[in-house]
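Reviewing the structure listed below.
The values are calculated or read from the model by the stated rules, or taken from the named source; none is laboratory data. If you're wondering where the values come from, they're calculated on a predicted model, not measured in any experiment. Quick reminder, even Gly has a Cβ in these numbers, built from the backbone with ideal geometry, and neighbours come from all protein chains shown. Protein only, heavy atoms only, side chains kept; ligands, DNA and RNA dropped before computing areas. Shrake-Rupley method; radii C 1.70, N 1.55, O 1.52, S 1.80 Å.
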Amino acid sequence: MKHILIAAGLGLAALPAFAGLEVCNKAGQSLSLAIGYSSDGDWVSEGWWNIPAGACKTPVSGDLKKRYYYYRANASGRAFASGDYTFCTSSEPFTIHGDTQCGPRGYETQGFRKLDTGETATHFTLTLNAAAETSAKQAPAQPQGSTPGTFGEPYSDNVTLQGCSSESQRECSFHAGGTKFFVRDDGRTPQFVFSVMETLDTGTPMTVEGDLEAVYDRTADVVLRDVSVRSWNEHDGLLNKLQGHWYSEDDPNVQFTVLGAERDNSYDGAYAGRDYLAVSEQCFNFEGGGPYLYAREEETGEDYCYVIDYVDHLELTLMYLPRGNILRYRKLD
C-alpha cells in the first residue's frame, strides 16, 4: 500500500521564484485543495482549488505575509492530506470567516495540516506526492486500527455529540438511538478526530465511522477512524428546541434539563435520574403520527415513548404512550 508523502520546500535558488504559495500535485491523481490562515485576528478558510495530476496552483499570490498556513487535500471526495487543526469547509467553493460554530452555520468541520513556510520566505512551493517511502515530511501515520474491523464490528452512524473531557483521560461521547458511545484517546483513534469534536458544541449532529469495540447495557465503546459534521435535519432541530430547563405546568416540582441528548430529571430540587434521548419517526411499535421522543433511563434501562405534539422556545407538549397522557411544560428563563 502506498504511503502518502508530503514534500515541502523552497524552489531552487538557481530558478526564478514567483511570489506566493504554490501547491504542486505529484500524487498521480486529481486533488482538491483548501487552505486556512489568520487574518486580522480572525481565522479564514478558503477552497476549493482543483489541481489535476502534474499541475500546480497558487492559492496565495503575492509576497507571503505569514509564516504559517494550513491546508487540506481531498482525492475523490475523501481526505488525502488532513491533520489536527480544524477549519470550516463547504462542499461548494467557499471563503469562511471563523473556525468555530461550523455546523450551526451550515458548514462542515474538517482537519487541516500546518505548513511552516519559514520566517523570511516570500515564495513557497508545497508538493503533494504519493511515494513508496516515508520521510520527516510525511503525513502523520494513522493508527493501526485504521482498517475497518480491526477493533470490532465496523460501525458508522449519524449521531449527536454530547461533549469531550480530559480530566483523567481525553475522551468524547455521543448519542445514537438511546445508547451513549465513548471514544477514548488510547492511541487507536487519530488525533484529528478528537480535535474536531473538541471544537464543537454539545448537540452538534455528526457522522462517525469506526469500530464498535464493546457494547454494554446502555453504553458502548468505539474506536473511530473519521468524524464529520453533517447537515441539520428536522429531528436535530427538534432536539435543539428541547435544550434548556423545563418545569411541568401540572406540578412545578417536576423539572428537567436537556443538554445535548441527555435529560436530567428532578423533583422538588432533588436529582431523580438521567435519560438518554433520541428524536425519530418511530418509537417501539409506534410509527406514523410522530415525531417521537424516545427516552432511555441511564440506570435501569427502562424505555419511554412520547409524541412531540408541540415545542417552541417557551412551551412543550408531549403525549405519553401508550396511555395518551398529555404533559405540558414551560421553559424557565
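So is LEU316 touching a residue at least 60 places away in the same chain (Cβ under 8 Å) and either over 18 Å from GLY260 (Cβ atoms) or surrounded by 13 or more Cβ atoms within 10 Å (Cβ to Cβ) (or both) or not? For LEU316, the condition - touching a residue at least 60 places away in the same chain (Cβ under 8 Å) and either over 18 Å from GLY260 (Cβ atoms) or surrounded by 13 or more Cβ atoms within 10 Å (Cβ to Cβ) (or both) - is met.
Quick grid of which residues meet (1) in contact with an Asp or Glu (Cβ under 8 Å, 6 or more places away or on another chain); (2) modelled with pLDDT under 95; (3) open to solvent by less than 60 Å² (accessible area, probe 1.4 Å):
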residue	(1), (2), (3)
PRO143	no, yes, yes
GLY149	yes, yes, yes
THR160	yes, no, yes
SER165	yes, yes, yes
SER173	no, no, yes
PHE182	yes, no, yes
THR189	no, yes, yes
PHE192	yes, yes, yes
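Taking each residue of segment 183-196 that is in a loop (DSSP other than H, G, I, E, B) and looking for partners that are of a type in the set (D, E, K, R) with beta-carbon atoms closer than 6 Å, six or more apart or interchain, yields ASP185/ARG170. Any residue at all in segment 238-258 that is surrounded by fewer than 18 Cβ atoms within 10 Å (Cβ to Cβ), closer than 18 Å to PHE181 by Cα and touching a residue at least 12 places away in the same chain (Cβ under 8 Å)? No, segment 238-258 contains no residue that is surrounded by fewer than 18 Cβ atoms within 10 Å (Cβ to Cβ), closer than 18 Å to PHE181 by Cα and touching a residue at least 12 places away in the same chain (Cβ under 8 Å).
Checked against (1) hydroxyl-bearing (Ser, Thr, Tyr); (2) within 21 Å of TYR85 (Cβ to Cβ); (3) in a loop (DSSP other than H, G, I, E, B), SER168 passes all but a single condition, namely (2).
The conditions of being assigned to a strand (DSSP E or B) and of a type in the set (A, V, I, L, M, F, W, C) are not met by LEU238.
The combined condition, being farther than 23 Å from GLU249 by Cα and free of Cβ contacts under 8 Å to residues at least 60 places away in the same chain, is not fulfilled by GLU298. I'd like to check something: does segment 252-259 contain any residue that is within 28 Å of the chain's Cα centre (by Cα) and under 26 Å from GLU108 (Cβ atoms)? Yes - at least one qualifying residue is present in segment 252-259. ALA132 passes every criterion in (1) under 19 Å from PHE194 (Cα atoms); (2) open to solvent by 70 Å² or more (accessible area, probe 1.4 Å); (3) more than 18 Å from the chain's Cα centre (by Cα); (4) at pLDDT below 85 apart from (1). Restricting segment 203-228 to residues that are in a loop (DSSP other than H, G, I, E, B) and open to solvent by 60 Å² or more (accessible area, probe 1.4 Å), the residue that is nearest to TYR294 (Cα to Cα) is ASP217.
Taking strands (runs of 3 or more DSSP E) as the structural unit, those lying wholly within segment 32-129 and holding at least 2 residues that are under 19 Å from PRO190 (Cβ atoms) correspond to 68-75, 78-81, 85-89, 108-116.
Mind listing just one residue for me: the one in segment 259-306 that is open to solvent by less than 70 Å² (accessible area, probe 1.4 Å) and part of a loop (DSSP other than H, G, I, E, B) and, of those, farthest from PHE181 (Cα to Cα)? The qualifying residue farthest from PHE181 (Cα to Cα) is GLY301. Put simply, of CYS102, CYS88 the only residue that is open to solvent by less than 20 Å² (accessible area, probe 1.4 Å) and in contact with a helix residue (DSSP H, G or I) (Cβ under 8 Å, 6 or more places away or on another chain) is CYS88. Screening TRP246 with (1) under 22 Å from GLU315 (Cα atoms); (2) assigned to a helix (DSSP H, G or I) gives one miss only, at (2).
The C-beta contact set for segment 220-234 (first residue farther than 11 Å from VAL183 by Cβ, second residue of a type in the set (Val, Ile, Thr) and outside any loop (DSSP other than H, G, I, E, B), distance under 6 angstrom, 6+ apart or interchain) comprises SER228/THR207; VAL229/THR109; ARG230/THR207.
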